[in-house]
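Peer 1: Sharing a structure here in structure tokens format.
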Amino acid sequence: MSELPWQVHKFGGSSLADAQCFSRVADLMLSQPSNQRYAIVVSAMGGMTDALLGLSASAAAGDADFAPGLLALEKRYEAAAGALLDPPARGQLLDAWYRDRNDILDLLQAVVLIRSAPQRTHDVIAGYGEIWSSRLLAALLRQRIDAKRTVGWLDARDVVCVSSTRLGVSVIWPVSQQRLANTDAVQQSQVLVVTGFIASDESGLQTTLGRNGSDHSAAIFGALLNANAVTIWTDVPGVMSGDPRRIPDAKVISALSYNEAMELAYFGAKVIHPQTMGPAIAHDIPLYIRSTFAPELPGSRVSRDSTSGEPIKGITSIDGLAVINVEGSGMIGVPGTAHRLFRALRAADISVILISQASSEHSICFVVGEENADDACAVVRDAFAKEIEGGQIQSVVASASCSVIAIVGDDMSGRPGVAGRFLNTLGQAGINVIAIAQGSSERNISVVVPRADATRAIRAVHAGFYLSAKTMSIGVIGPGTVGGALLDQLNSQAERLLQDFNLDLRVRGIASSRRMLLDDKQVDLAEWRDTYPNQAGELSLETFVDHIDADHLPHAVLIDCTADDAIAEMYPQWLARGIHIITPNKKAFSGPMLRYEAMQAAARAGSSRYFYETTVGAALPIVQTLRDLRETGDTVRSVDGIFSGTLAYLFNTYDGTTAFSRIVREARDAGYTEPDPRDDLSGMDVARKLTIAARELGFSLSLDDLPVESLVPVSLRDVSVDEFLAKLDSSDAQMQERLRQARERGCVLRYIGKLDSQGKASVALMELPTDDAFANIALTDNVVRISSDRYANNPLVIQGPGAGPEVTAAGVFADLLRLAAQLGNPR
């Protein structure tokens, strides 16, 4: 047995909270291979140490009524022992507990008498938690283990010898090693349960390793036993890339180096105690962080080398800080200024967390705990009193309510652009950086930000580094014909886009005019048609937008599939806060010129983008083509065409044999027109499209500027839809006459929009020769002809389906993919 290698496993208080947890730990350890020996270092049951320290503190305050507190501990321990152990073992365990209780009573009564408790007394009382939990686990393992393996119990006070230093406790290794060699339990046991947290000093008196010291205990025994691994079992699945309470998308870091782990531990990652690293580094022992509650997961491995190719491993923070800024022209070029400053702070026992100094030496700023800010300022002012009086130092100012955000990773070293990406991400998120610090090792870059912005900052940075730059939080407004078709198309392609292009499209909200469906992760698009009617709540557009604009995701995208002018009115506000917009809604881009200009300014201010290809010709690339021509220096001379698939259908079908009113009614029934055909027949849809095209070419055209021929009789413009359809035949004769006259001249009727090189536009029903390109198109096609300097003799023609929910949805989807292609860097 003595030749078998050791492994050390440590279980914290959350893993040993109750009988069920103890049973889970026992099952876990008994499932380990039998070709190794196991040292199991345990903490006190969850909350036990705090309860014991509370009793000690109350006694020191003169409170002699500690019986209820001890009784609560007794009941809890008895319940766990009763649920886990058979009567003989249970009796022995509880007898030992009752003896310890009496000893604690004696100590507490002594503390009450003298109204004071030295630290050593606190240590003795607090250390009973580990003794009790380790005894219970050892008894449980003996009861369950097979006869071929022996279970031992070890009081760490009999082995671990430490001394106190300014940096904390220091292990006296030769003494500890000799004590271990003389311990029978170590030699005779294949499974050894060890108390964590407690130790003894050179005089043999009990002490502790400090709060969370059981991790340190595990590493110490790993070194003493020359273990091949130390596994720390806790209630999280490993070291996380960020605090999951603040970063919903935090991920487990599969592997990290000792240095990375120490940096993260210092900056608040509480999974690993910083002192745990020392023995592991000295003896090159890998550490594993795993979850007791999900042992099937691999967790995190901490070792000497963990190169992964990723620039950073984690993002972490420290809150509750203050920045002290010392400025003065008299500091420039004066040797020893920094030495005097930090010597004074050291003498006052003020810990400095971060230092930043400009190369001009005009100012030095440093970060301390917020509770030390006033003392730090006083110390500095006292140390430089003469310089302040003489004007060489102008100010010593504290800024409270700050946080330090740090990114950590060995692979940042020598890699250009990491710091730039870090700061750019914060800038895009609207975070003001107060100070910056980076060591020459390039393993850590730290910034100081306002405390109020800390969570938003770490979420933005995590999204920028840990998620795909093309992860999008998407909200779809208007799940009607076009919006519904879009959601179905997204559902059919989302998995392929994620696998093939790392494009993570998360539809996190769907909203109509009255209701909304939100999901923290993403809406199940395979079931949305059933989920939305049954689970959608009352719409709050503000809540909907806030939900989509999640600061833990890199990009927020609102897809407006409505024709609602009130929604379009919100675009400038959304763009200004950095939300991208994709829409087939023509109201925004053909509406008032002031709003159009406000959208452009808002997009620049918010570093956001908007796409509206489908506002002109559904999925046909009309807007992009006009933009490309203009941006590449071509001069567009004219744009004309059939911009309405509905009107194209009506006049391709109308040959005089069937009344025009009947064709309109049949087209409406077939879904070729809007529910109210007057929306098509008025010509305003074409006018809006032509206005958008004109603005794309740089003309300040408004709807009021162009003449539009409406095909809706004046008498029928304000009646109901039913009445309009019933009385439309009153205009059939007029339409018949126009067709007759056109035919006499060898022409056909087509509804045309025209734009010239001066920005003048018109929309009207026109007569065209039968050999004109617009006279011979498919029933519902749009066709647009662009004449320019480059396309003078042979105009550029764009033709294809200009309407239909599937086609329009595909165009919106294509805009979404264009947006993704442009988002190569985090927001």
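Peer 1: Which residues, taken from segment 644-675, are modelled with pLDDT under 90, touching a helix residue (DSSP H, G or I) at 6+ places or on another chain (Cβ under 8 Å) and part of a loop (DSSP other than H, G, I, E, B)?
Peer 2: Matches in segment 644-675: Y672, T673, E674, P675.
Peer 1: For segment 577-603, enumerate the residues that are among the polar types (S, T, N, Q) and surrounded by fewer than 20 Cβ atoms within 10 Å (Cβ to Cβ).
Peer 2: Q600
Peer 1: In addition: Could you tell me which numbered condition A322 fails, if it satisfies all but one of (1) hydrophobic (A, V, I, L, M, F, W, C); (2) under 30 Å from R421 (Cβ atoms); (3) over 27 Å from the mean Cα position of the chain (by Cα)?
Peer 2: (3)
Peer 1: Got a number for residues in segment 687-738 being basic (K, R), open to solvent by 30 Å² or more (accessible area, probe 1.4 Å) and under 22 Å from I622 (Cβ atoms)?
Peer 2: Number of matching residues: 1.
Peer 1: Right, something else. Name the strands (runs of 3 or more DSSP E) wholly inside segment 81-187 in which the number of residues that are closer than 28 Å to A57 by Cβ and of a type outside the set (A, V, I, L, M) is 2 or more.
Peer 2: In segment 81-187, 162-165, 168-171 are the strands (runs of 3 or more DSSP E) which contain 2 or more residues that are closer than 28 Å to A57 by Cβ and of a type outside the set (A, V, I, L, M).
Peer 1: Filter segment 674-686 for residues that are farther than 10 Å from S644 by Cβ and open to solvent by less than 60 Å² (accessible area, probe 1.4 Å) and give the result.
Peer 2: D676, P677, R678, S682, listed by residue number.
Peer 1: May I ask you to list pairs of residues, at least six apart or on different chains, whose Cβ atoms are under 6 Å apart, with the first in segment 656-680 being farther than 26 Å from C747 by Cα and the second being in a loop (DSSP other than H, G, I, E, B) and modelled with pLDDT of 90 or more?
Peer 2: Sorted first by the residue in segment 656-680, then by its partner, the pairs are R668/P677.
Peer 1: Any residue in segment 330-355 that is under 20 Å from I436 (Cβ atoms) and assigned to a loop (DSSP other than H, G, I, E, B) sitting within a Cβ distance under 7 Å of a residue that is open to solvent by 70 Å² or more (accessible area, probe 1.4 Å) and of a type in the set (D, E)? List the pairs, counting only those 6 or more apart or interchain.
Peer 2: Pairs that qualify, where the first residue is under 20 Å from I436 (Cβ atoms) and assigned to a loop (DSSP other than H, G, I, E, B) and the partner is open to solvent by 70 Å² or more (accessible area, probe 1.4 Å) and of a type in the set (D, E): there are none.
Peer 1: Name every residue in segment 202-232 that is farther than 21 Å from S14 by Cβ, open to solvent by less than 30 Å² (accessible area, probe 1.4 Å) and either of a type in the set (F, W, Y) or out of contact with any Pro (no Cβ under 8 Å at 6 or more places or on another chain) (or both), in order of residue number.
Peer 2: The answer is Q206, T207, L224, L225.
Peer 1: Considering (1) under 23 Å from F422 (Cβ atoms); (2) surrounded by fewer than 18 Cβ atoms within 10 Å (Cβ to Cβ); (3) not hydrophobic (A, V, I, L, M, F, W, C), say which one T316 fails and leave the rest.
Peer 2: Status for T316: all satisfied but (2).
Peer 1: Then there is this: Could you tell me how many of the residues in segment 560-591 are more than 22 Å from A820 (Cβ to Cβ), outside any helix (DSSP H, G or I) and aliphatic (A, V, I, L, M)?
Peer 2: The number of residues fulfilling the criteria is 2.
Peer 1: Against the condition farther than 30 Å from F465 by Cβ and in a helix (DSSP H, G or I), how does G800 come out, does it pass?
Peer 2: Answer is no for this residue.
Peer 1: Moving on to the next point. Can you tell me which condition A60 does not meet? The list is (1) buried (at least 18 other Cβ atoms within 10 Å of the Cβ); (2) touching a strand residue (DSSP E or B) at 6+ places or on another chain (Cβ under 7 Å), and all the others hold.
Peer 2: Evaluating A60 over (1) buried (at least 18 other Cβ atoms within 10 Å of the Cβ); (2) touching a strand residue (DSSP E or B) at 6+ places or on another chain (Cβ under 7 Å) leaves (2) as the failure.
Peer 1: All but one of (1) of a type outside the set (K, R); (2) open to solvent by 30 Å² or more (accessible area, probe 1.4 Å); (3) under 40 Å from the mean Cα position of the chain (by Cα) hold for A72; state the number of the condition that does not hold.
Peer 2: Just one mismatch for A72, condition (3).
Peer 1: Additional query: Restricting to segment 86-123, what's the tally of residues that are closer than 21 Å to L154 by Cβ and either crowded, with 21+ Cβ neighbours inside 10 Å or in contact with a Ser or Thr (Cβ under 7 Å, 6 or more places away or on another chain) (or both)?
Peer 2: 2
Peer 1: Now a separate question. Can you find a residue that is surrounded by 21 or more Cβ atoms within 10 Å (Cβ to Cβ), charged (D, E, K, R) and over 44 Å from the mean Cα position of the chain (by Cα) anywhere in segment 633-640?
Peer 2: yes
Peer 1: Restricting segment 473-499 to residues that are among the β-branched types (V, I, T) and assigned to a helix (DSSP H, G or I), which is least open to solvent (accessible area, probe 1.4 Å)?
Peer 2: Among residues in segment 473-499 that are among the β-branched types (V, I, T) and assigned to a helix (DSSP H, G or I), the one least open to solvent (accessible area, probe 1.4 Å) is V482.
The values are calculated or read from the model by the stated rules, or taken from the named source; none is laboratory data. Bear in mind the structure is a predicted one, so any value in this text is a computation, not a measurement. Cβ coordinates were reconstructed from backbone atoms using ideal geometry, including for glycine residues, and neighbour counts include every protein chain displayed. Heads up: the accessible areas ignore ligands, DNA and RNA and are worked out on the full protein's heavy atoms, side chains in. Shrake-Rupley method; radii C 1.70, N 1.55, O 1.52, S 1.80 Å.
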